[in-house]
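Have a look at the structure below, then the notes.
The values are calculated or read from the model by the stated rules, or taken from the named source; none is laboratory data. Computed from a prediction, not measured in an experiment: that's the story for all the values here. Positions of Cβ are backbone-derived with ideal geometry, glycine not excepted, and every protein chain shown enters the neighbour counts. Note: accessible area is taken over every heavy atom of the protein model, side chains too, but ligands, DNA and RNA are not part of it. Shrake-Rupley method; radii C 1.70, N 1.55, O 1.52, S 1.80 Å.
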Amino acid sequence: AQSVTQLDSQVPVFEEAPVELRCNYSSSVSVYLFWYVQYPNQGLQLLLKYLSGSTLVKGINGFEAEFNKSQTSFHLRKPSVHISDTAEYFCAVNSGGFKTIFGAGTRLFVKA
Amino acid sequence: DAGVIQSPRHEVTEMGQEVTLRCKPISGHNSLFWYRQTMMRGLELLIYFNNNVPIDDSGMPEDRFSAKMPNASFSTLKIQPSEPRDSAVYFCASKPQGGNTGELFFGEGSRLTVL
């Protein structure tokens, strides 16, 4: 069975500071990994994904994530955040089938 | 291109009433998913369809919940009778043919409040 653990439920950070949102997963097979972002009163949209190849994945809005197989992690990073990055971020895993499993979400709050 | 379209965006109803939520997936997508989002339980998969056929409904909480997909461009999620604990945001998502990479395209959700 697969599972996803987002280690922080809330992350407050000042504008222009760097941020890391942590995600660990468990799976007995190879996985595809995703980060989605949800802005207030909107649906989830894809931020970036790891399918294979380079372990460093770049996404939209300056975000990137690194797949670490030995640590079963897929942490999301941004070197300098903006107020507009305030949102909820979801890590998700899929092993190639129909089901995508989502983490509980991390609420990023960027302060001026 | 139009994304996944859900209606209504907001629904307020009284306990015991029937609620029907609607979803139009992206054209050409052959997998459709219904999720429920609450503060307490996060994002839960209720049911998913592939080529209009329900594949797994193990996430449907009770017999009060039912979902249909009569054709490739329309799905409904029905709650009858509704209860206050059904209050949540319900999301529909779709995935394209051969999209085994798992990327989902979400609608904007239907916020249900049951009084």
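In this structure, is B:GLY102 at pLDDT below 95, of a type in the set (Gly, Ala, Ser) and at positive phi? So B:GLY102 fits the description; yes.
Considering each residue of region B:68-77 in turn, at least one proves to be open to solvent by less than 30 Å² (accessible area, probe 1.4 Å) and among the small types (Gly, Ala, Ser).
Within region A:74-98, the set of residues being surrounded by 14 or more Cβ atoms within 10 Å (Cβ to Cβ), assigned to a loop (DSSP other than H, G, I, E, B) and in contact (Cβ under 8 Å) with a residue 24 or more places away in the chain comprises A:VAL81, A:THR86, A:SER95. Within region B:60-82, none of the residues are over 12 Å from the mean Cα position of the chain (by Cα), at pLDDT below 95 and within 14 Å of chain A (Cβ to nearest Cβ).
Just to be sure, is A:VAL29 part of a strand (DSSP E or B) and either of a type in the set (A, V, I, L, M) or more than 13 Å from chain B (Cβ to nearest Cβ) (or both)? Against the criterion (part of a strand (DSSP E or B) and either of a type in the set (A, V, I, L, M) or more than 13 Å from chain B (Cβ to nearest Cβ) (or both)), A:VAL29 does not qualify.
Suppose the filter is within 10 Å of the chain's Cα centre (by Cα) and surrounded by 13 or more Cβ atoms within 10 Å (Cβ to Cβ); does A:PHE34 pass it? Against the criterion (within 10 Å of the chain's Cα centre (by Cα) and surrounded by 13 or more Cβ atoms within 10 Å (Cβ to Cβ)), A:PHE34 qualifies. Here the condition is being of a type in the set (Ser, Thr, Tyr) and at pLDDT 95 or above; of A:TYR32, A:TYR36, A:TYR50, it holds for A:TYR36 alone. Close contacts from region A:34-53, counting a first residue that is over 18 Å from A:GLN10 (Cα atoms) and a second that is open to solvent by 20 Å² or more (accessible area, probe 1.4 Å) and aromatic (Phe, Trp, Tyr), with Cβ to Cβ under 6 Å and a gap of 6+ residues or different chains, come to A:GLY43/B:PHE106; A:TYR50/A:PHE67; A:LEU51/A:TYR32.
The set of residues from region B:83-110 being within 14 Å of another protein chain (Cβ to nearest Cβ) and touching a Pro at 6+ places or on another chain (Cβ under 9 Å) comprises B:CYS92, B:ALA93, B:SER94, B:LYS95, B:GLU103, B:PHE105, B:GLY107, B:SER110.
Residues in region A:32-56 that are away from every other protein chain (no Cβ under 13 Å) and of a type in the set (Val, Ile, Thr): A:THR55 alone.
Selection of region A:76-100 for residues being modelled with pLDDT of 95 or more and of a type in the set (D, E, K, R) yields A:ARG77, A:LYS78, A:ASP85, A:GLU88.
For region B:36-59, the set of residues classified as within 20 Å of A:VAL37 (Cα to Cα) and within 8 Å of chain A (Cβ to nearest Cβ) consists of B:GLY42, B:LEU43, B:LEU45, listed by residue number.
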